[in-house]
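Peer 1: Quick one: structure below, then a few questions.
The values are calculated or read from the model by the stated rules, or taken from the named source; none is laboratory data. Because the structure is predicted, anything quoted here is derived from the model rather than measured. Here the Cβ positions follow ideal geometry from the backbone for every residue, glycine too, while neighbour counts run over all protein chains shown.
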Amino acid sequence: MKKDLTRQQYLDLYYYMRLNRAVEDTMVKLFRQNKIVGGLYSSLGQEAISVGTAYALEKKDWLAPMIRNIGALLVKGVPPRDVFMQHMAKYDSPTKGKDGTSHFGDLDNLHIVSPISMLGDLIPVMTGVAMAGRYLGQKIVAMTWIGDGGSSTGVFHEGLNFAAAQKAPFVLILENNLWAYSTPVKRQVPLENLADRAKAYGVRSYIVDGNDVVAVYKTAKEAVDRARAGEGPILIEAKTFRRMGHAQHDPAEYVPKDMRAYWEARDPILLYEKFLSAQKLLDAQGKKEIGEKMDALLHTERDFAENSPMPPAEFAAQGVYCSGDDCHKIRPKWEREKAEVMPPKSSVEAVWTVEGFGAGKGSSGGIAPIHFGDTADAMEKAENEEKLAPKTPPKAVIKKKPAKTAHAGAGSRKARR
């Protein structure tokens, strides 16, 4: 880690990582008290990724978290009470108790798109968000996360190709935590670096230590700046380890003990505390004050969540089907002048030539419009052959016409008679 952020930025990263872990520790207690509805997923050991990447975004940017990205929600401004109430299916939760876990968003204020359970589907969705922002001239960047297992889904590849073809201002964080549920990463993909998957689509990529929050932040900040500048989508592979099972019901006994011990020694918060202490950015008193501030906040937030009512029974039938204006007004929200996006002003000149496709001659002598990669086209080969040809032209051979005989002439005259 290098010391070139401001003191406040360093402490922000520390605060959000600790808050991420404290929020999840609180929810484990709620889960064991049977107050959590549905599953509970842990990001223990992966806090540096959610916090470091989301911290690189600007307020106007958009993100779409997955189930292990509560840290990103906290960085974006979601209060812990919303996270608690959402998991507890309370009426005051963002979805009014209609959904659980982290399946909620905030389109109007915080620019958060709700998670999608089908892994990989957020990639084309957030590519569309990025394209919409560019279309409106907003200079935004869209970001989402995917796991090592999710990178083997079809929509991961379709979405990444779509983002590349559109040169969308989009950043994809690939969290390689070594386990897709109970399947080790080496059993599901024959690659050492999953970032290599980006090469097939012409997408730039980075590989970063996912347990080094400063490295994660700097890498993400560079990627976000490049995407915003118009360089297209970027993939970041963050190498880390999922220290808990897939969810609370999974004891993860399939994980080798020595592997777990190795990664527990590389806890991202402990590593960062050592760095902050060495750089004289955090002492024992400062650490204590942050802890007390966090405890007071979470006590208040948990009390609010626990005292929030459950949804009334009659609410179960509401919002299932949208019936029109009594549900919400369905109207186009024109962000630009309507005339600007309707024909004929929206028309663009048709372009039929594609940059990068040559127009050399094929072996048959006709036009071969396709030229692949670094393979020399037919015209280039012909030019090279001409350059290598002998400079002295070969001597011309003159053929003599055969002499006419009298017999032949007579035969000709006889034929004309």
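Peer 1: Check off (1) part of a loop (DSSP other than H, G, I, E, B); (2) in contact with a Pro (Cβ under 9 Å, 6 or more places away or on another chain); (3) surrounded by fewer than 22 Cβ atoms within 10 Å (Cβ to Cβ) for LEU5 and give me the number that stays unchecked.
Peer 2: The number of the failed condition is (2).
Peer 1: Give me the residue from the range 109-136 that is touching a Gly at 6+ places or on another chain (Cβ under 6 Å) and assigned to a loop (DSSP other than H, G, I, E, B) and, out of that set, surrounded by the most Cβ atoms within 10 Å (Cβ to Cβ).
Peer 2: GLY120
Peer 1: Could you pull out the residue among GLY128, GLY105 that is without any contact (Cβ under 8 Å) to a residue 60 or more places away in the chain, small (Gly, Ala, Ser) and touching a Pro at 6+ places or on another chain (Cβ under 9 Å)?
Peer 2: GLY105
Peer 1: Same structure, new question: Here are some conditions: (1) in contact with a Pro (Cβ under 8 Å, 6 or more places away or on another chain); (2) surrounded by 22 or more Cβ atoms within 10 Å (Cβ to Cβ); (3) modelled with pLDDT under 95. ALA48 meets all but one. Which one does it not meet?
Peer 2: Only one criterion in (1) in contact with a Pro (Cβ under 8 Å, 6 or more places away or on another chain); (2) surrounded by 22 or more Cβ atoms within 10 Å (Cβ to Cβ); (3) modelled with pLDDT under 95 is unmet by ALA48, namely (3).
Peer 1: I'm told VAL113 meets every condition in (1) modelled with pLDDT of 95 or more; (2) of a type in the set (A, V, I, L, M, F, W, C); (3) under 23 Å from LEU297 (Cα atoms) except one. Can you identify the failing condition by its number?
Peer 2: (3)
Peer 1: For the range 201-216, give me the residue count where each residue is over 15 Å from the mean Cα position of the chain (by Cα) and assigned to a helix (DSSP H, G or I).
Peer 2: Matching residues across the range 201-216 total 3.
Peer 1: Taking the criterion of being touching a strand residue (DSSP E or B) at 6+ places or on another chain (Cβ under 7 Å), closer than 27 Å to LEU110 by Cβ, touching a residue at least 24 places away in the same chain (Cβ under 8 Å) and of a type outside the set (A, V, I, L, M), would at least one residue in the range 193-202 satisfy it?
Peer 2: No: the range 193-202 contains no residue that is touching a strand residue (DSSP E or B) at 6+ places or on another chain (Cβ under 7 Å), closer than 27 Å to LEU110 by Cβ, touching a residue at least 24 places away in the same chain (Cβ under 8 Å) and of a type outside the set (A, V, I, L, M).
Peer 1: What do you reckon, is ALA198 closer than 20 Å to VAL224 by Cβ and part of a helix (DSSP H, G or I)?
Peer 2: It is true that ALA198 is closer than 20 Å to VAL224 by Cβ and part of a helix (DSSP H, G or I).
Peer 1: Follow-up question, since we're still on this one. Among the residues of the range 194-211, how many are out of contact with any Leu (no Cβ under 6 Å at 6 or more places or on another chain) and farther than 21 Å from TRP179 by Cα?
Peer 2: Residues flagged as out of contact with any Leu (no Cβ under 6 Å at 6 or more places or on another chain) and farther than 21 Å from TRP179 by Cα within the range 194-211 amount to 4.
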